[in-house]
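Comments concern the structure below.
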Amino acid sequence: MTYDGSSDSGLSKNERREAAREKSRVLREQQKKKDRRSRVILQGSLAVLVIAIVAVVGLVIVNSVRPPSPGPANMLSDGIKIGEGFKAMPTGALQPDDSPIPSKTNAKNVIDLRVYIDYQCKYCGNFEATNAAQIKKWVSIGAATLEIHPLAILDQASLGKKYSTRSANAAACVANYSPNQFFDFSALLFTNQPKENTEGLTDDQIIALTRKAKVSKADSITTCITDQEFKSWTNAATERATTDPLAGTDVKKLAGTPTVIINGKKYAGAIDSAADFASAMSKASGDSFSEDSTATPSPNPSPSASAGE
């Protein structure tokens, strides 16, 4: 007894063979369709993953390799010039790919003092400790102007933390947003100078020094420091100073820090001798300094070294 559609026992041997072949063909086609769907899904997933990876990599590159941006305001010469009463002389910002423009010439009998420094350089710290008091007095009474050029030469001496770049950027931030407090902030960076081959001050510690210097626009300066707003300018200014002649001076190429320039001439005396430095300043002024305008030299116990070494 048979049931319709439930048995192929009535088929011949050849018919059963053909039926089996057809069944196999149908199963193969079904498997091929399934495989194609799986491949499409897999390829689509991989494409989405690749797009996501490319987007992430692109974002990282954009955030890490910033296009050149303008330098800080008041540093058109790559330095900030400070005059009587510690007031900064205002300038525009240096545009990308432009050359620095030297500061305006001083009035007669006002000494033009420029210093090229790295805030991690121990010799710069020695120069500052030895001569800060008399420089401050000369600037306060208008006997001299002080132009400070922050550089980033010693990044390798801060255990990967790039303190030279971070501190120079912070100085640029203050120059841009609170220029009349630059003199005090720069002095604080040296008073709190970390030793070479240490990590240097943290960003939070640098920010605390800006507050101690009583900067205006403190929030803008904080953001500028944490975002390293003037990192590209810092790198470019350092490159210019170490490869090009220093405009308006007799220095063809900066060989090290501190490099001290008095009326366009490189100071070659000992950086840790206040008497030597005062003598050089007096000579440059045509002996117009009075006893009252010159601070009493205070010998420093640090090893002797010449400026620019």
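The values are calculated or read from the model by the stated rules, or taken from the named source; none is laboratory data. No experiment lies behind these values; they were computed from the predicted model shown. Here Cβ is always computed from backbone atoms with ideal geometry, including for glycine, and neighbour counts include all displayed protein chains. Protein only, heavy atoms only, side chains kept; ligands, DNA and RNA dropped before computing areas. Shrake-Rupley method; radii C 1.70, N 1.55, O 1.52, S 1.80 Å.
Return yes or no: is residue 93 outside any helix (DSSP H, G or I), without any contact (Cβ under 8 Å) to a residue 60 or more places away in the chain and open to solvent by 20 Å² or more (accessible area, probe 1.4 Å)?
On the way: outside any helix (DSSP H, G or I): yes; without any contact (Cβ under 8 Å) to a residue 60 or more places away in the chain: no; open to solvent by 20 Å² or more (accessible area, probe 1.4 Å): yes.
No: the conditions fail for residue 93.
Within segment 204-256, can you find the residues that are of a type in the set (A, V, I, L, M, F, W, C) and in a helix (DSSP H, G or I)?
Passing the criteria: 206, 207, 208, 209, 218, 221, 224, 225, 233, 236, 237, 241.
List the residue pairs whose Cβ atoms are under 6 Å apart, where the first residue sits in segment 176-191 and is without any contact (Cβ under 8 Å) to a residue 60 or more places away in the chain and within 25 Å of residue 69 (Cα to Cα), the second is surrounded by fewer than 23 Cβ atoms within 10 Å (Cβ to Cβ) and of a type in the set (S, T, N, Q), and the two are 6 or more positions apart or on different chains.
Going by the 6 Å Cβ cut-off, the qualifying pairs are 177/220; 178/216.
Go through (1) part of a helix (DSSP H, G or I); (2) open to solvent by 40 Å² or more (accessible area, probe 1.4 Å) one by one and return the number of the condition residue 196 breaks.
Condition not satisfied by residue 196: (1).
Any idea which of 276, 227 is free of Cβ contacts under 8 Å to residues at least 12 places away in the same chain and in contact with a strand residue (DSSP E or B) (Cβ under 8 Å, 6 or more places away or on another chain)?
From the options 276, 227, the qualifying one is 276.
Filter segment 112-152 down to the residues that are within 23 Å of residue 255 (Cβ to Cβ) and part of a strand (DSSP E or B) and list them by number.
112, 113, 114, 115, 116, 117, 146, 147, 148, 149, 150
Take residue 175 and decide whether it is touching a Phe, Trp or Tyr at 6+ places or on another chain (Cβ under 6 Å) and of a type in the set (Gly, Ala, Ser). Give the steps one after another, and end with the answer.
Values: touching a Phe, Trp or Tyr at 6+ places or on another chain (Cβ under 6 Å): yes; of a type in the set (Gly, Ala, Ser): yes.
So residue 175 fits the description; yes.
If a residue must be of a type outside the set (D, E, K, R), open to solvent by 20 Å² or more (accessible area, probe 1.4 Å), at pLDDT below 95 and not in a helix (DSSP H, G or I), how many such residues does segment 269-294 contain?
Residues meeting the conditions: 5.
Give me the pairs, please: first residue somewhere in segment 3-22 and among the small types (Gly, Ala, Ser), second residue anywhere and at pLDDT below 80 and exposed (fewer than 10 other Cβ atoms within 10 Å of the Cβ), beta-carbon distance under 8 Å, and either six or more positions apart or on two chains.
9/2; 10/2
When you check residue 94 against the structure, is it over 21 Å from residue 248 (Cβ atoms) and either modelled with pLDDT under 95 or not aromatic (Phe, Trp, Tyr) (or both), yes or no?
Details: over 21 Å from residue 248 (Cβ atoms): no; either modelled with pLDDT under 95 or not aromatic (Phe, Trp, Tyr) (or both): yes.
Here the answer is no, as residue 94 does not meet what is asked.
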